[in-house]
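To start, the structure itself, in structure tokens.
What follows is calculated from the coordinates using simple rules that are stated; it is not laboratory data. Quick caveat: nothing in here was measured; it's all calculated off a predicted structure. Cβ sites come from the backbone with ideal geometry, for glycine too, and all protein chains shown count toward neighbours.
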Amino acid sequence: MNSSIKKSRIVHLNRITKIYGTNEHKTIVLQQISFQFLTGELILLIGPSGSGKTTLLTLIAGLTKPTTGTVSLFERNIEHYTPMELQQLRAKRIGFIFQTFLLIDSLTAIENVEVVLRFIGKPKKDVHLRATQLLNRFHIEYLSRRFPPTMSQGEKQRVAVARAVANNADLILADEPTGSLESKQGFDIIRLLQTYAKEQNKCVIVASHDLRLVEYADQILRLEDGMLREMD
Ligand SMILES: Nc1ncnc2c1ncn2[C@@H]1O[C@H](COP(=O)(O)OP(=O)(O)O)[C@@H](O)[C@H]1O
Ligand SMILES: [Mg+2]
């Protein structure tokens with residue numbers, strides 16, 4: 001990335017605590033977590049299963065609320081968005097990648113991408129061209145007319161990345177994106193995401209328990225016992 005490109009703050013967590021349940025059945029998942037997520041970086045959120053990685057991603061996306069503390073998304077407190085505004089924000093500025101990719105099996109690769117473009121109101125004449133460009137960008141134009149059940153895991157993950165960035169998302173949230181893959185394929189997806197963060201000056205947050213991903217991250221955050229630690 002050109003060093004003159006200005007990084008901006010996409011997410012600001014301010015003393016976040018998340019507690020599930022009440023009284024004797026209380027689980028304190030996150031304790032007083034503060035952090036700022038900037039563009040131009042891939043941030044790896046590492047931690048054992050049950051440490052709160054998914055919880056933290058859902059808080060950032062405004063899908064759940066913190067018990068105490070504030071989450072600011074695009075420089076505005078999440079509490080100040082209406083549910084409709086939050087929904088719009090997720091559709092237009094955030095991309096999601098899940099462990100199982102959640103592609104629509106009855107649609108071809110290109111249609112899986114086109115769905116997103118239509119949903120955000122891209123003019124009809126531009127949808128197909130933009131979807132084609134996205135498939136080219138991730139070297140999967142040959143999958144265009146294929147359906148997900150006929151694809152390898154590695155191919156599915158590329159379609160999932162193309163779909164996640166179709167809205168030119170400023171923030172990508174990936175939850176265990178390498179979980180169902182062989183290691184070589186796992187590294188492939190994280191490289192694609194790292195390039196996206198760097199070249200497009202976007203913020204990518206990847207949650208994983210896989211320590212082998214650390215070398216692809218600009219920043220590593222470790223969640224354990226409810227605390228967030230920055231690692232070198
Ligand atoms: N909706 C929920 N209600 C109650 N407990 C939950 C809920 N979601 C997650 N938890 C608990 O919070 C902890 C963290 O879960 P999670 O965020 O899924 O961790 P990770 O993604 O790191 O595996 C776990 O102990 C889990 O059982
Ligand atoms: Mg999880």
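Annotations for the structure displayed:
- Summing Lys and Arg as +1 and Asp and Glu as -1 over all other residues whose Cβ lies under 11 Å from the Cβ of Ser144 gives a net charge of -1.
- Computed over the alpha-carbon pairs of the stretch 30-137, the distance histogram in 5 Å steps reads 2, 9, 16, 19, 17, 16, 12, 6, 3, 0 percent, short to long.
- Modelled FRET efficiency - R0 22 Å, Asn14 with Thr67, Cβ distances, 0.05 increments: 0.95
- Stokes-Einstein D in µm²/s, Kirkwood radius over Cα pairs - the stretch 22-62 at 10 °C with 1.306 mPa s viscosity: 129 µm²/s
- Net charge of the neighbourhood of Phe119, taken over other residues with C-beta under 12 Å away and scored Lys/Arg +1, Asp/Glu -1, is +4.
- P(r) tail fraction, the chain - alpha-carbon pairs more than 26 Å apart, %: 38 percent
- Sites excluded, trypsin sites (Lys or Arg not before Pro) in DSSP loops with at most 12 other C-beta within 10 Å, longest stretch of the chain: 27-144
- For the stretch 100-232, fraction of C-alpha pairs farther apart than 26 Å, in %: 24 percent
- Calculated diffusion of the stretch 110-179, Stokes-Einstein form, Kirkwood radius summed over Cα pairs, 25 °C and 0.890 mPa s, µm²/s: 198 µm²/s
- Based on DSSP H segments of at least four residues, each scored -39500 (n - 2.57), the chain has a per-residue ellipticity at 222 nm of -10000 deg cm²/dmol.
- Sorted into 10 angstrom bins from 0, the C-alpha pair distances of the stretch 3-76 split as 18, 48, 25, 7, 1, 0 percent.
- 30 Å Cα-Cα reach of Lys7 towards lysines, excluding residues that sit fewer than 8 places from it in its own chain: Lys18, Lys53, Lys65, Lys92, Lys122, Lys198, Lys202
- Seen from Leu56, the other residues with C-beta closer than 11 Å to its C-beta sum to a net charge of +1, counting Lys and Arg as +1 and Asp and Glu as -1.
- Karplus (6.51, -1.76, 1.60) ³J(HN,Hα), θ = phi - 60°, over the stretch 95-108, in Hz, Gly and Pro reported as x: x, 10, 10, 10, 3, 9, 6, 6, 6, 8, 5, 8, 10, 5
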